[in-house]
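The values are calculated or read from the model by the stated rules, or taken from the named source; none is laboratory data. What you are looking at is a predicted structure, and each value in this text was computed from that prediction instead of being measured. Counting neighbours? That spans all protein chains shown, and the Cβs are built from the backbone with ideal geometry, glycine included. Accessible surface is based on the protein model in full, side chains and every heavy atom, while ligands, DNA and RNA are left aside. Shrake-Rupley method; radii C 1.70, N 1.55, O 1.52, S 1.80 Å.
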Amino acid sequence: MEKNLSEFKIGEKGIIRKVDALGKIKRRLFDMGITPGATIMLKKVSPLGDPIEVTIRGYELSLRRDEASSVIVEAL
Amino acid sequence: MIRICLAGNPNCGKTTLFNSLTGSSAHVGNWPGVTVEKREGTYKKLEEKIDIIDLPGIYSMSPYTPEEVVSRNYILDENPDCVINIVDATNLERNLYLTTQLLEIDVPVVVALNMIDLLKKNKETIDLKSLEKMLGVKVVEISALKEEGLDNLMKIAYQESKNTRKGFTVLEKSEVGSLVLKAFNELKKTDIKSPLFHAVKLVENDEIEVHDHIEVHELIENIKNNLPKDDFEGDYEAIIANERYEYISRNFKHTFVRFDEGLTISDKIDKVLTHKIFAIPIFLLIMFILFHLTFSEDLLGLNAIFNLEISQEWLINLFTGMKYEKMIEEGIATLSGIPSPGVFLQNWMGFVTGSLIDIFSSFMPEGTVITSLIIDGILTGIDAIFSFIPQVLLLYLFVSILEDSGYMARVAFIMDRAFRRFGLSGKAFIPLLMGFGCSVPAMLATKTLEDERERDVTIRVTPFFSCGAKAPIWTLLAAVVMGKFLGDIFVFSIYVLGIVVAIVAAIIMKAFSKNYEVPPFIMELPQYHAPQFKNLMAHLWEKLKHFLYKASTIIMAAIVAIWLLSNFSFKFWEGMVDDIELSILAKIAKIVRYIFYPLGFGMGSDGWKYTAATFTGLIAKEDVVGTMAQLGLIEGTINLSNAAIYSFAAYNLFTLPCFAAVSTAKSESSKKGFIKTLIWWISLSYIVSLIIYWLFTLIETILWLGILVLSILIISVIVLGVFVSSKRRLKA
């Protein structure tokens, strides 16, 4: 099932299908390893509910829900 | 001289490597035009001296962040003889992504595989031969931390720097390979350097490249349009980023190190430090501890709990007869308990500068101009600045520890949401909180903010968080003017006012900045690690050097200028004046005070004295109190209304901070931003004080409010009437 990354629950894993962001943000996501085909896991949510922390390509990355909502992931 | 530059991801050990290679020869400046730090040093262990340039930590050669642009321009345009690409061996997958881009440039590259000690500890190995084969460049194992393999690395980099290397791309055999080749062949016809790098960027639709090579771009676009669209819907940026990662995982999968899948130490620490409920209290506790260690006069409350009067005597006795007896005693003697390290060092520094003043006064002739210049001008100025250096450095040390250990990234993670609405990110919280201690280290701490605009805004509002040196002003005003009863409420309200104005100011700046967009928050949360003593000391030393330089030039000049103004009349050939009332400062203040008439405190016979006090406050904010005392404002009766006093307090809180803070603001903000900051401080303090004065005056005389409102209403009705009728007449 495909959904966007900001809808993930803690511990949920998936494979990235598409990155719908634009310009600078899209480029930054790619550079940080958020590319279609990569496996991603939602690791943690900040105490105030935003941003979130994901595990991608063997390291921890934090991003805001706004940015995460452009990442379409197929949940595993 | 041979030039070798270091390139790599943030948190890959680049700074540690740089410090180990260059030692004390390192010097720090800024890259031209941006506030990105530039470090340069010399490596001396080979036959030829090697200039080492530390490029900022980057994840990619995209042209979006100032760090990326600086690195890209340096490698492409400045022709370094060799690039050392530092790669974190424990996270090859992401680190090699940058490597694949660096390889496309026509420059010798050596890959330094760092943190190899960590691998060995976990009994992991990386197949160097296959790495070298796949990348086509030399790969050297090092441990920057343990200083292992560094000489070998430099030897190989030195050899490589004598060679030339043609760019190589991992995209060669991918689906975009032919496109890249096409662009490459076109670009080769021009005399451009590193055609392969530019070719790939053109296929990616990189803004800079498209602008520079519009014809080749159109050619490539034509070819692209005739190609079938695939999964990526013709998004070449996505295809290329994906191909790079694909290449890395296809060829190096066996070299990826995944420490046992369970929880790492870092994870365990994070479980506590970013805990859903405890994260924020823990953060506040850490900040409290930093403040306590820097500013508390009673360490751990020991004095309050155990009544340490006796113990202190015991403590002093303990050191009697020791070599540094006097120094230690000076650190604790004036206090009622055991002080924090910060206060201890501050007292000790006061003792040193105090002794210096004593020594000079003892052999300098009394009453001459030169004596006064040296004692009252220069040395007193040094005393004012140096007295807070220990606490500035200590706070800065703590921030460096938080930054180096990886905790700062977590602070941003925890606090981001709360600060985003003010146009700031969570990281801005640390400098702002530190503003309560001292603006200088607070502004230094803004270097952890990536966004230039955010740095400028944070620096701009930092002085509004009332610093330690401003506290005497509030307590004086509270005690003398407001009376004991209202005193604490008055002081408290000043602090709250500062915070409220800072928040409103940040929101206003956000609303008024053109094409403002919230900077993205896509940030690595690095593994926690123990901060490196060497790195910390290098940081501190850089800042101290810079600060001492400023203190001995600009700040000193400003201080001597104020000394001149307050000790001489316009007839300076008549020598120094006995009474500050006759000084140039007083003359100027008597004119300038008219500017402060609308703020209340410029009025009355003492108005110029308050004006003069705000001037001398520029040396150090404590001097506001000093000048007030000198001018007899403390003993004498205060003939200012409470509204004017409040406005005076607000003015001193929001106006230009002390010279030390102003010069720090200059070195930490962007060039344009700094000028704006000065204008901002001057105008905002005036406006806020104006509002406060009139608001309070109106409240004090509520009756007048009614009359005022009524008269405004009547006037506006009349004006409107005249306006409307004149318009009608015009139409007719």
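Scanning segment B:84-133 for residues that are of a type in the set (Asp, Glu) and either within 11 Å of B:Cys12 (Cβ to Cβ) or within 14 Å of chain A (Cβ to nearest Cβ) (or both), which turns out surrounded by the fewest Cβ atoms within 10 Å (Cβ to Cβ)?
Only one residue fits best here, namely B:Glu124.
Within segment B:132-178, take every residue that is among the basic types (Lys, Arg) and in a helix (DSSP H, G or I) and give me the one that is farthest from the chain's Cα centre (by Cα).
Taking the candidates together, the pick is B:Lys133.
Within segment A:21-40, which residues are more than 10 Å from every other protein chain (Cβ to nearest Cβ) and either charged (D, E, K, R) or open to solvent by 50 Å² or more (accessible area, probe 1.4 Å) (or both)?
Residues satisfying the conditions are A:Leu22, A:Thr39.
For segment B:525-538, what are the residues that are in contact with a Ser or Thr (Cβ under 9 Å, 6 or more places away or on another chain) and open to solvent by 20 Å² or more (accessible area, probe 1.4 Å)?
Result: B:Gln527, B:Tyr528, B:His529, B:Ala530, B:Pro531, B:Gln532, B:Lys534, B:Ala538.
I need the full set of residues from segment A:8-19 which are touching a helix residue (DSSP H, G or I) at 6+ places or on another chain (Cβ under 9 Å), in contact (Cβ under 8 Å) with a residue 60 or more places away in the chain and outside any loop (DSSP other than H, G, I, E, B), in order please.
Residue satisfying the conditions is A:Gly14 alone.
For segment B:364-425, which helices (runs of 4 or more DSSP H) that fit wholly inside it have 2 or more residues that are charged (D, E, K, R) and not assigned by TED's automatic domain parsing to the domain that holds B:Ile282?
Because the criterion is at least 2 residues that are charged (D, E, K, R) and not assigned by TED's automatic domain parsing to the domain that holds B:Ile282, the helices (runs of 4 or more DSSP H) in segment B:364-425 that meet it are B:389-405, B:407-420.
Do we find a residue being among the hydroxyl-bearing types (Ser, Thr, Tyr), touching a residue at least 40 places away in the same chain (Cβ under 8 Å) and within 25 Å of B:Thr448 (Cα to Cα) anywhere in segment B:35-44?
The answer is yes; a qualifying residue exists.
Going by the structure shown, is B:Gly350 in a helix (DSSP H, G or I), at pLDDT below 85, within 24 Å of B:Ser566 (Cβ to Cβ) and touching a helix residue (DSSP H, G or I) at 6+ places or on another chain (Cβ under 8 Å)?
Yes.
Among the candidates B:Ser400, B:Ser387, B:Ser425, which residue alone is polar (S, T, N, Q) and within 14 Å of another protein chain (Cβ to nearest Cβ)?
B:Ser425
For B:Phe654, indicate whether it is open to solvent by 10 Å² or more (accessible area, probe 1.4 Å), out of contact with any strand residue (DSSP E or B) (no Cβ under 9 Å at 6 or more places or on another chain), at pLDDT 85 or above and not polar (S, T, N, Q).
Judged against the criteria, B:Phe654 is not a match.
Could you check how many residues of segment B:1-60 are farther than 24 Å from B:Asp451 by Cα, open to solvent by less than 40 Å² (accessible area, probe 1.4 Å), in a loop (DSSP other than H, G, I, E, B) and out of contact with any strand residue (DSSP E or B) (no Cβ under 6 Å at 6 or more places or on another chain)?
Number satisfying all stated conditions: 1.
Residues that are aromatic (Phe, Trp, Tyr), open to solvent by 10 Å² or more (accessible area, probe 1.4 Å) and within 18 Å of the chain's Cα centre (by Cα): does segment B:426-437 have at least one?
Yes - at least one qualifying residue is present in segment B:426-437.
Being touching a Gly at 6+ places or on another chain (Cβ under 7 Å), within 20 Å of B:Arg460 (Cα to Cα) and open to solvent by less than 60 Å² (accessible area, probe 1.4 Å) narrows it down to one of B:Met556, B:Met509, so name that one.
Answer to the selection: B:Met509.
Would segment A:44-53 turn up any residue that is within 20 Å of B:Asp235 (Cα to Cα) and at pLDDT 90 or above?
no
Based on this model, can you work out whether A:Glu67 counts as in a helix (DSSP H, G or I), facing chain B (nearest Cβ under 10 Å) and on the phi < 0 side of the Ramachandran plot?
So A:Glu67 fits the description; yes.
Taking only segment B:239-262 into account, find how many residues are facing another protein chain (nearest Cβ under 9 Å), outside any loop (DSSP other than H, G, I, E, B) and either surrounded by fewer than 18 Cβ atoms within 10 Å (Cβ to Cβ) or at pLDDT below 85 (or both).
Qualifying residue count for the region: 2.
Scan (1) buried (at least 20 other Cβ atoms within 10 Å of the Cβ); (2) more than 14 Å from chain A (Cβ to nearest Cβ); (3) not hydroxyl-bearing (Ser, Thr, Tyr) for the single condition B:Ala471 breaks and write down its number.
Only one criterion is unmet by B:Ala471, namely (1).
For the structure I just gave you, tell me whether B:Ser513 is modelled with pLDDT under 80, under 31 Å from the mean Cα position of the chain (by Cα) and away from every other protein chain (no Cβ under 14 Å).
When the stated conditions are applied, B:Ser513 passes them.
Quick test for you: out of B:Ile277, B:Ile305, pick the one residue that is modelled with pLDDT of 65 or more and closer than 30 Å to A:Ile10 by Cα.
B:Ile277
Which condition number in (1) within 14 Å of chain A (Cβ to nearest Cβ); (2) open to solvent by 10 Å² or more (accessible area, probe 1.4 Å); (3) within 31 Å of the chain's Cα centre (by Cα) is the one that B:Asn79 fails?
So the condition that B:Asn79 fails would be (1).
Which residues, counting only those in segment A:41-61, are charged (D, E, K, R) and more than 7 Å from chain B (Cβ to nearest Cβ)?
Correct list: A:Lys43 only.
Can you tell me which residue is farthest from the chain's Cα centre (by Cα) among those in segment B:179-198 that are farther than 23 Å from B:Glu243 by Cα and assigned to a loop (DSSP other than H, G, I, E, B)?
B:Lys189
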